[in-house]
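Okay, so here's the structure we're looking at.
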Protein chains: 2
Amino acid sequence: MRVLGIDPGLTRCGMGVVDGSVGRPLTLVDVNVLRTSAEVPVAHRLVTIEKGVDAWLDEFAPDAVAVERVFARSDVSTVMGTAQASGIAMVCAARRGLPIALHTPSEVKAAVSGNGRANKQQVGAMVTRILRLDAPPKPADAADALALAITHIWRGGAQARIDAAVAAARSRP
Amino acid sequence: MRVLGIDPGLTRCGMGVVDGSVGRPLTLVDVNVLRTSAEVPVAHRLVTIEKGVDAWLDEFAPDAVAVERVFARSDVSTVMGTAQASGIAMVCAARRGLPIALHTPSEVKAAVSGNGRANKQQVGAMVTRILRLDAPPKPADAADALALAITHIWRGGAQARIDAAVAAARSRP
């Protein structure tokens, strides 16, 4: 399966596409960080993000989209922009009928590094190893987007097996 | 001028259209509250809001859109949804090249009632009086959307006069 991971943000929106399935090596397809200027009105920054996400959905035709679940953090103004950017990303995917999953930062850290409190450097190092890259993707938003896509493939696989087991159990006479 | 006021929210998104100009009686064109169910995934709720806002922009062709500026409040989960809904509303307007203004709740309360700390009932009563309605619009989100549109017309007029004065001053030899 192919997954587009999105680490939403108004200033930097990370997007990473990964191909693969559970138990097999994963492959980096492409990664990018969409930037918008703080000097531009928020509405126009959001339109830029919408266009960027739509362009990647067109180009890479992912099977699913994984978006970081936004929580309140210390800087409230940042959270608002992040929430708005994540909303736009979700709408772009939902309009096309794509499955959308939200993963929390700690779920992503735990999935790629085994530690829900891993730091940026550790996440970057694990993404590099998992995707067999020469160097960690930069900036951190790029690595985070790839980590989201990796998490989705790994968790999605487990979820699919659970769903299949539940369906099988239900269909028993 | 015609203004669409939007009081954003995932569960209830108020939309109100007002015609008028500074110093003249304002007219209610239409008002509605878009509702989405908490049982539906957020991405699909946001698509419903997008469709609702787009439909009103098509139907009423406003000259400008006024959206409530979102602040952090006590309930963080509500703020996230509100921020996402406001982002979608802004994108719908920005895509069409419409001017978008953000007004804070206290700016709106001050504009319609003269008191930045007015309660819901006072805002509803003033909207009823200003638009010469028979009864306050319900629910409160409907009245708030109309109050936003009223605020925008009144503040926009003042801003336009300031801009004109600044331009005139600059053009003096």
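For B:Pro62, the conditions (1) within 9 Å of chain A (Cβ to nearest Cβ); (2) crowded, with 22+ Cβ neighbours inside 10 Å; (3) not hydroxyl-bearing (Ser, Thr, Tyr) all hold with the exception of (1).
Test of understanding: among A:Val17, A:Val22, which residue is closer than 21 Å to A:Arg69 by Cβ and of a type in the set (Val, Ile, Thr)? Sole residue among the options that is closer than 21 Å to A:Arg69 by Cβ and of a type in the set (Val, Ile, Thr): A:Val17. Only one of the listed residues (A:Gly16, A:Gly52) is at pLDDT 95 or above and within 13 Å of the chain's Cα centre (by Cα). That residue is A:Gly16.
Looking at B:Ala135, B:Ala118, which is the one that is more than 9 Å from chain A (Cβ to nearest Cβ), farther than 30 Å from A:Leu102 by Cα and open to solvent by less than 50 Å² (accessible area, probe 1.4 Å)? Steps first, please.
Values: B:Ala135 fails: open to solvent by less than 50 Å² (accessible area, probe 1.4 Å).
Of B:Ala135, B:Ala118, the one residue that is more than 9 Å from chain A (Cβ to nearest Cβ), farther than 30 Å from A:Leu102 by Cα and open to solvent by less than 50 Å² (accessible area, probe 1.4 Å) is B:Ala118.
Pairs linking a residue in segment A:87-102 that is over 16 Å from A:Leu148 (Cβ atoms) and facing chain B (nearest Cβ under 9 Å) to a residue that is open to solvent by 10 Å² or more (accessible area, probe 1.4 Å) and assigned to a strand (DSSP E or B), with Cβ atoms under 9 Å and 6 or more positions apart or on different chains, are A:Ala94/A:Ile100.
Among the conditions (1) more than 9 Å from chain A (Cβ to nearest Cβ); (2) open to solvent by 20 Å² or more (accessible area, probe 1.4 Å), B:Val108 misses just one, which is (2).
The values are calculated or read from the model by the stated rules, or taken from the named source; none is laboratory data. The structure displayed is predicted, hence computed values, not measured ones. So basically every Cβ, Gly included, is an ideal-geometry build from the backbone, and we count neighbours across all protein chains shown. Ligands, DNA and RNA are stripped out before the accessible areas are found, and what is left, the full protein with its side chains, is counted by its heavy atoms. Shrake-Rupley method; radii C 1.70, N 1.55, O 1.52, S 1.80 Å.
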